[in-house]
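J.: There's a structure below that I have some questions on.
FYI, it's all coordinate maths here, none of it is from the lab. Remember, it's a predicted structure, so these values are computed and weren't measured experimentally. Ideal geometry is used to build each Cβ from the backbone, glycine not excepted, and the neighbour counts take in all protein chains shown.
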Amino acid sequence: MGLTAEIAAYRSATGDPGRLVGEFRRAVLLVPLGGGSTAADSELMSAVSGGIRWLYAFTDEEALARFAEARGEAGREWPYLAILGARLVDAVVPEVEGPAGVAVNVADMDGSMLFPPVAGIVPDACAVDVEAESAGVA
């Protein structure tokens with residue numbers, strides 16, 4: 001069905017959480033980089049809210065352009081990394097200090113979706129809803 005369609009179905013209460021997460025993991029997402037000339041600018045763009053670092057990710061260049069427009073920054077270049085959702089949560093999230101999730105299409109009021117740092121989305125060792133002992137961490 002595709003990630004945007006699964007998000008729409010889930011938001012309209014007709015979707016299936018398992019299908020949604022599966023499409024998220026299979027989707028190629030565009031993750032903007034910092035965009036400047038310092039070492040930190042090569043990092044993935046994110047924001048912290050509620051103690052969670054949210055990595056921004058977009059389903060296509062149009063969704064990224066809407067984000068740039070919403071920030072009043074449509075006139076600048078927006079370098080990005082194209083990455084599978086699975087790689088983003090399985091390889092990148094564990095490298096982030098503290099809890100991290102993925103915010104997809106955040107500028108789309110009716111098409112955005114948060115994938116929080118919970119079991120079934122991120123590795124158990126990074127999930128906030130898993131006890132450290134049961135996640136294999138001593």
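J.: Looking at (1) over 30 Å from E131 (Cβ atoms); (2) in contact (Cβ under 8 Å) with a residue 60 or more places away in the chain; (3) surrounded by 16 or more Cβ atoms within 10 Å (Cβ to Cβ), find the lone condition where Y10 falls short.
T.: Every listed condition holds for Y10 apart from (1).
J.: Sticking with this structure for a sec: I'm checking my understanding of the structure. Among residues of region 75-117 that are in a helix (DSSP H, G or I) and of a type in the set (A, V, I, L, M, F, W, C), which one is nearest to R53 (Cα to Cα)?
T.: Looking at the filtered set, the residue picked out is V93.
J.: Among the residues of region 11-27, which ones are closer than 18 Å to A119 by Cβ and of a type outside the set (D, E, K, R)?
T.: P17, G18, L20, V21, G22, F24 - these are the residues of region 11-27 that are closer than 18 Å to A119 by Cβ and of a type outside the set (D, E, K, R).
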